[in-house]
1. Among the candidates Val192, Val163, Val174, single out the residue that is assigned to a helix (DSSP H, G or I) and within 15 Å of the chain's Cα centre (by Cα).
2. Does any residue of segment 227-235 turn out to be closer than 15 Å to Arg105 by Cα, in a helix (DSSP H, G or I) and among the small types (Gly, Ala, Ser)?
3. Please determine, by comparing only the residues of segment 203-221 that are assigned to a loop (DSSP other than H, G, I, E, B) and of a type outside the set (Gly, Ala, Ser), which one is nearest to Met5 (Cα to Cα).
4. Could you tell me which residue of segment 28-70 is modelled with the highest pLDDT, considering only residues that are within 30 Å of Tyr222 (Cβ to Cβ) and aliphatic (A, V, I, L, M)?
5. With Ile109, Ile143 as the choices, which residue is aliphatic (A, V, I, L, M), out of contact with any strand residue (DSSP E or B) (no Cβ under 9 Å at 6 or more places or on another chain) and modelled with pLDDT under 80?
6. Confirm whether Asn234 is under 14 Å from Met4 (Cβ atoms), in contact with a helix residue (DSSP H, G or I) (Cβ under 9 Å, 6 or more places away or on another chain) and touching a residue at least 24 places away in the same chain (Cβ under 8 Å).
Amino acid sequence: MNNMMKSFGDSLRIYKSDKWIILFSFFPVLIGIILYYFFGQWLYGDVYEWGKQLISSKVESGWLSFLSGLFVAILTIIFYFIINWTFVIIVSLLASPFNDLISSRTEKIANGQRPPNISDSFSRMMKRFLHTLFNEIKKVAFILLMTLIGFALSFFLPPLSLVISALLLSISFVDYSWSRHNLTFRKCMSDVKSGFVPYCASGGVFLILVGIPIVNLFALPYSVIYYTVLFSKNQKVLEN
C-alpha cells in the first residue's frame, strides 16, 4: 500500500520532468476530444432532429417544447453512460502506441535511467506498432468479457462487481509494462496476486476519475504513467 500511495506523487513528478511524456500525453486527450465532438454532433444533431420530428408527428404542438426538452435530457443521460462505459477502452485502443511510448519512457525515469532520445523512442514505437495494437485488441476483448461477467454479478454481489471493474482498469494500464517485459500469463497473474490490494484500491480511484467527462481525458495518460511507476516499484520489492 505504501508503494501505491507514493506512486501518485512520483508519477506526477515524472510527468512534469519529461517534455516528451507531456507532449505524447496530449495524443490520447486529442483522440478523446475528437470522439466527444463527433459523437456529440451525431447525438444532438441527427438523432435529436429525428426524435423531434417523431414527437411532432405524434403529439400536439402544446406538448412539443416539453417533450423536446425531455428528449434532450434523455440524450444527455445516454451520452454520459456511453462515454463512461466505452471511453477508456476505445481511446486506449486508438492511443495504444503512444501509451506504450509513454510507459517506456516513464519506466526508464522511474528506474533512475536516462530515457532514450526521441528518435529512438519513435523508432521503437513503430517497430512495436502492430504488436502493441494486436495486444491491445486482445486486452480489450478480455476486458469486455470480464465486464459482462462483472455486470452479471452486480445483480447478486454488487461489491464484487466493483472490485472486478477496479482490477480490470488497473490491468488495462499495467499491461503496457507486462507486454514490454514479455511476461507470460502465469507471471502476469503472479503480479496481480502480489499486488492485488494496491491494484484494486488504485483502480477504484481511477474508476471514479474516468467516469467524469473531460476529467477522464487527462486521467487516461496519467494512469499509464502511474501504473508503470507502480509496476516498477513492485518489481524492485520482488527482486529484493
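1. Val174
2. Yes: segment 227-235 contains one or more residues that are closer than 15 Å to Arg105 by Cα, in a helix (DSSP H, G or I) and among the small types (Gly, Ala, Ser).
3. For segment 203-221, the residue satisfying everything is Val210.
4. Step one: filter segment 28-70 for residues within 30 Å of Tyr222 (Cβ to Cβ), giving 28-44.
Now narrow it down to the ones that are aliphatic (A, V, I, L, M): 29-31, 33-35, 43.
Numbers: Val29: 74, Leu30: 79, Ile31: 76, Ile33: 77, Ile34: 82, Leu35: 76, Leu43: 72.
Step by step, filter segment 28-70, then rank; the result is Ile34.
5. Ile143
6. Numbers: under 14 Å from Met4 (Cβ atoms): yes; in contact with a helix residue (DSSP H, G or I) (Cβ under 9 Å, 6 or more places away or on another chain): yes; touching a residue at least 24 places away in the same chain (Cβ under 8 Å): yes.
Yes: the conditions hold for Asn234.
Matching residues to (1) at positive phi; (2) crowded, with 17+ Cβ neighbours inside 10 Å; (3) among the polar types (S, T, N, Q):
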| position | (1), (2), (3) |
| --- | --- |
| Leu162 | no, yes, no |
| Val174 | no, yes, no |
| Asn182 | yes, no, yes |
| Arg186 | no, no, no |
| Asp191 | no, yes, no |
| Pro198 | no, yes, no |
| Gly211 | no, yes, no |
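Here is a yes/no grid of residues against (1) aromatic (Phe, Trp, Tyr); (2) farther than 29 Å from Phe196 by Cα; (3) part of a helix (DSSP H, G or I):
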| site | (1), (2), (3) |
| --- | --- |
| Asn3 | no, no, yes |
| Lys6 | no, no, yes |
| Asp10 | no, no, yes |
| Ile14 | no, no, yes |
| Ile21 | no, no, yes |
| Phe27 | yes, yes, yes |
| Leu30 | no, yes, yes |
| Leu43 | no, yes, yes |
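The values are calculated or read from the model by the stated rules, or taken from the named source; none is laboratory data. On a predicted model such as this, the values are computed, not experimentally measured, just so you know. Reconstructed Cβ throughout: ideal geometry from the backbone, glycine too, with neighbour counts over all protein chains shown.
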